[in-house]
Amino acid sequence: MKVAIVGAGAIGGLVGATLALSGEEVTFIVRGANLEAIRAGGVKILLADGSEQHAAGVRCTDDYAAAGPQDLVVLAVKAHQLADIAPRLPALYGPDTCIVTMQNGIPFWYFHRHGGALEGTVVRSVDAQGDLARWIPPARVIGCVVYPASELVAPGVVRHIEGDRFPLGELDGTTSERVTRVSECFTRAGFKAPVLDDIRAETWLKLWGNLTFNPISGLAHSTLEDICRFPLSRELAANMMREAQEVAGRLGISFRVSLEKRIAGAEKVGRHKTSMLQDIEAGRPPEIDALVGAVIELGQLTRTPTPHISTVYALVRLLARTMESERAQLRLHALPA
């Protein structure tokens, strides 16, 4: 397949390099230091067992038109970056191009092809102007939930920490020929990519952890293990998760694992820094609204109180505002002995 990977960060780099190594025709759409690094030396993946994989000579460009129409477009940028790139995406579309969205949190397409009372509702937390569906037509979209943990340790260099699951699903729950083809493509590369009949339920399962552990880790500068083993932060996470579970339930979503099992799963990942903490340490704008603000918005739509989530949201939004105004990054440094 001709595959365009839009973004070559922790997940885009992992997915694109792995697909390229399996024989797919991959083009990275990137810019800046990542573009130069990939152009010069490809993408390197540092595996958890200490070995390396190197996708050398992969295509890369910052010109969407030069990349041309693709069979598959993988959107591997953060949710808050979609609005900037969306108007350029149509240059990648052919008649049958499908788009796999790899954003964490509530996606812009959540109520498109939903079929419920809120069909067509725009989630303003992730699509403030309501324009994304025009540039990224939901009819082309295949939903995806990203489970691997990885880090971009240098331009063109990704450290894979753990995980290989990328569940996929059509927005209307059907098992189409195209979603089957994408699943087979990912499977050939060594990923687990089951086709689900309810991608929104899987989205909520992943979000259940992201909306709690990401902002708590960003505020407390702590890893997943730290949060889960400290009683006060563990209880805060549980309270936020209970509120989210109530919101999801009012949208017809049930969780296939218990709350305690979900927390235990996060603890098992160990001393991993969440993507939000990585962004805060690097001085990048943290991904807040898709993970936290959107849940509050869905709570308002379903008349479900979210006091714990709203409190944490206010604090992390203030932190992001302070970082932006001060042009600052925040990182813990060990004191001299």
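Could you please let me know if residue 217 is polar (S, T, N, Q), closer than 28 Å to residue 324 by Cβ, within 21 Å of the chain's Cα centre (by Cα) and modelled with pLDDT of 95 or more? Taking the combined requirement at face value, the residue satisfies it.
For segment 260-278, enumerate the residues that are touching a residue at least 24 places away in the same chain (Cβ under 8 Å) and assigned to a helix (DSSP H, G or I).
Applying the first criterion (touching a residue at least 24 places away in the same chain (Cβ under 8 Å)) to segment 260-278 yields 262-267, 269-278.
Once the filter is applied, which keeps residues that are touching a residue at least 24 places away in the same chain (Cβ under 8 Å) and assigned to a helix (DSSP H, G or I), segment 260-278 yields 262, 263, 264, 265, 266, 267, 269, 275, 276, 277, 278.
Okay, residues lined up against (1) in contact with a His (Cβ under 9 Å, 6 or more places away or on another chain); (2) more than 18 Å from residue 107 (Cβ to Cβ):
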{"site": "172", "(1), (2)": "yes, no"}
{"site": "195", "(1), (2)": "no, no"}
{"site": "213", "(1), (2)": "no, yes"}
{"site": "221", "(1), (2)": "no, yes"}
{"site": "272", "(1), (2)": "no, yes"}
{"site": "283", "(1), (2)": "no, yes"}
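Within segment 109-134, take every residue that is aromatic (Phe, Trp, Tyr) and out of contact with any Pro (no Cβ under 9 Å at 6 or more places or on another chain) and give me the one that is farthest from residue 166 (Cα to Cα). Per the stated criteria, the residue is 111. Being in the same structural domain as residue 37 (by TED's automatic domain parsing), closer than 25 Å to residue 93 by Cα and not hydrophobic (A, V, I, L, M, F, W, C) is a property that residue 134 has. Look at (1) under 18 Å from residue 142 (Cβ atoms); (2) modelled with pLDDT under 95 and you find that residue 93 fails only one, number (2). The one condition from (1) closer than 21 Å to residue 146 by Cβ; (2) in a helix (DSSP H, G or I); (3) over 21 Å from the mean Cα position of the chain (by Cα) that residue 33 does not meet is (1).
Can you tell me how many residues within segment 5-30 are part of a loop (DSSP other than H, G, I, E, B) and aliphatic (A, V, I, L, M)?
The initial filter retains those residues of segment 5-30 that are part of a loop (DSSP other than H, G, I, E, B), namely 7-9, 22-24, 30.
Those still in the list that are aliphatic (A, V, I, L, M) too: 8, 30.
The qualifying residues number 2.
Can you go through 57, 23 and tell me which one is modelled with pLDDT of 95 or more, on the phi > 0 side of the Ramachandran plot and surrounded by fewer than 18 Cβ atoms within 10 Å (Cβ to Cβ)? Residue meeting the stated conditions: 23.
Within segment 157-172, being surrounded by 15 or more Cβ atoms within 10 Å (Cβ to Cβ), outside any strand (DSSP E or B) and either without any contact (Cβ under 8 Å) to a residue 60 or more places away in the chain or at positive phi (or both) holds for 163, 164, 167.
Annotation for segment 264-277: at least one member residue is buried (at least 19 other Cβ atoms within 10 Å of the Cβ) and over 26 Å from residue 323 (Cα atoms). Of all the criteria given as (1) farther than 30 Å from residue 52 by Cα; (2) surrounded by fewer than 18 Cβ atoms within 10 Å (Cβ to Cβ), the one not satisfied by residue 154 is (1).
The values are calculated or read from the model by the stated rules, or taken from the named source; none is laboratory data. This one's a predicted model, so the numbers in the text were calculated from it and none came from an experiment. Heads up, the Cβs are rebuilt from the backbone with ideal geometry, glycines too, and the neighbour counts pull from every protein chain shown.
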